[in-house]
1. Take the residues in segment A:62-81 that are part of a loop (DSSP other than H, G, I, E, B) and exposed (fewer than 13 other Cβ atoms within 10 Å of the Cβ); name whichever of them is nearest to the chain's Cα centre (by Cα).
2. Quick one: in segment A:87-102, which of the residues that are within 7 Å of chain B (Cβ to nearest Cβ) and over 10 Å from residue A:35 (Cβ atoms) is nearest to the chain's Cα centre (by Cα)?
3. Can you tell me which residue is nearest to the chain's Cα centre (by Cα) among those in segment A:24-43 that are facing chain B (nearest Cβ under 8 Å) and over 16 Å from residue A:94 (Cα atoms)?
4. Taking residue A:105 and the conditions (1) facing chain B (nearest Cβ under 7 Å); (2) surrounded by fewer than 13 Cβ atoms within 10 Å (Cβ to Cβ), which numbered condition does it fall short on, given that it satisfies the others?
5. Looking at (1) over 30 Å from residue A:9 (Cβ atoms); (2) not in a loop (DSSP other than H, G, I, E, B), can you tell me which one residue B:30 breaks?
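Laboratory data are not the source of any read-out in this text; all were calculated from the coordinates shown. Here the structure is a predicted model, which is why all the values come from computation and not from measurement. Every residue, glycine as well, gets a Cβ built from its backbone with ideal geometry; the counts of neighbours run over all protein chains shown.
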């Protein structure tokens, strides 16, 4: 009964490939997010969806495309993977981020070789 | 341009003593602040938050203090326990406009609590 689950947990792929990371939450939250933790350990927001509508889109290469088929799912598709895309990607959801923060998934470690 | 900074990469304390983790921010529009704890190979876990209308919020062993004039917040853990050993992230956000819900994180402080 994991609250926010993302798959796969590890992903190793070659440069130029296209890959997807899936995320699902069973908390009934309205808002979902994708964050990237880079090699310096900073967590930076990439996208945010509220009830399937894109509300935050940070400066992210357009090779990254989020898809939200319903408010419980937010998937991340990455085209033409580059070495610099190697990072840990975290999915999260929230209902009241100011008081209760986010609930994060356990992360997907993407390694591009 | 890092708007949230945790200048201490690591902190080591003895079990039973107080742990104090610090965080500074530069964006005066931030009006709520959060602390997260992260174990290896897991996602961050929400610990405690504080809004800018308060200067202190307490939850069990965890207390967050906010000094708006200094743009500084701190997390106190008393008493510290070995299970508290983790990476602690400070985060901040604006409650208004399109930035609501967008958290800006510091780079984390590794806390080690020795038995």
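1. My answer is A:62.
2. A:94
3. Among those that are facing chain B (nearest Cβ under 8 Å) and over 16 Å from residue A:94 (Cα atoms), it is A:43.
4. If we test residue A:105 against (1) facing chain B (nearest Cβ under 7 Å); (2) surrounded by fewer than 13 Cβ atoms within 10 Å (Cβ to Cβ), just (2) comes out false.
5. (2)
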